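Notes for the one structure printed next.
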Amino acid sequence: MNKLQLVLVSILIGVNSSVYAEQHMEKKSHTMGIQQQVDKDLLIEHARVKATIPGVKVSAGYFKLTNNSDQTMTFTRAETSVAKFTEYHTMEMDNNKMLMRKMDAVIIPAHESILFKPKGKHLMFMGLNQRFIAGESINVTLSRKNGESYNVNLPVIDMNAH
Ligand SMILES: [Cu+2]
């Protein structure tokens, strides 16, 4: 995301915050707690991805992933047809700046969960082929190092929602 796009996003968020806050309250009850049992071993909860405005080619996805198996799961790839690049990112403070960094692997120990959330770990979509419109959803394939992959569905939420 370049500087101009960041400014545009900030302006939009600032101007419409009260309207979006109301919509968020409503939407929240719909998206919170939704569970997708992707596989007998993998549960995804509260999955969502941020809507985009025209011209913005990046977005971020969040969810809670639970490994219900007896083995460590190591995710190394993610793909979707609607973005050129999909990466696992983390956010870290560096000299008082939040920096995003690509994670080569996301490791979930047996019977544990990992949380992707705003200002934390996220699934980064870059080079979007289309706008992400609130109310629609996108399909993403999460792949493990051992070759196993899982199809998950991420509902698109307002860009001000969490
Ligand atoms: Cu990122």
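Restricting attention to region 83-97, does a residue exist that is touching a strand residue (DSSP E or B) at 6+ places or on another chain (Cβ under 6 Å), in a loop (DSSP other than H, G, I, E, B) and modelled with pLDDT of 95 or more?
Going through region 83-97, the residues touching a strand residue (DSSP E or B) at 6+ places or on another chain (Cβ under 6 Å) turn out to be 83-92.
Right, trim to in a loop (DSSP other than H, G, I, E, B) and you get none.
No: zero hits.
Go through VAL38, VAL56, VAL49, VAL106 for me and flag whichever is closer than 25 Å to ARG131 by Cα and more than 13 Å from the chain's Cα centre (by Cα). Steps first, answer last, please.
On the way: VAL38 fails: closer than 25 Å to ARG131 by Cα; VAL49 fails: more than 13 Å from the chain's Cα centre (by Cα); VAL106 fails: closer than 25 Å to ARG131 by Cα.
When all the criteria are applied, what remains is VAL56.
I'd like to verify a number: residues in region 93-114 that are surrounded by fewer than 13 Cβ atoms within 10 Å (Cβ to Cβ) and touching a residue at least 12 places away in the same chain (Cβ under 8 Å), how many?
As a first pass, look at region 93-114 and keep what is surrounded by fewer than 13 Cβ atoms within 10 Å (Cβ to Cβ): 93-99, 101-102, 104-105, 109-111.
Then drop every residue that is not touching a residue at least 12 places away in the same chain (Cβ under 8 Å), which leaves 98, 101-102, 104-105, 109-111.
Final tally of qualifying residues: 8.
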How many residues does region 80-113 hold that are closer than 16 Å to VAL38 by Cβ and either within 16 Å of the ligand (Cβ to nearest atom) or touching a Lys or Arg at 6+ places or on another chain (Cβ under 7 Å) (or both)?
3
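The values are calculated or read from the model by the stated rules, or taken from the named source; none is laboratory data. This structure is a prediction, so every number in the text was calculated from the model and none was measured. Backbone-built Cβ (ideal geometry, glycine too); neighbour counts: all protein chains shown.
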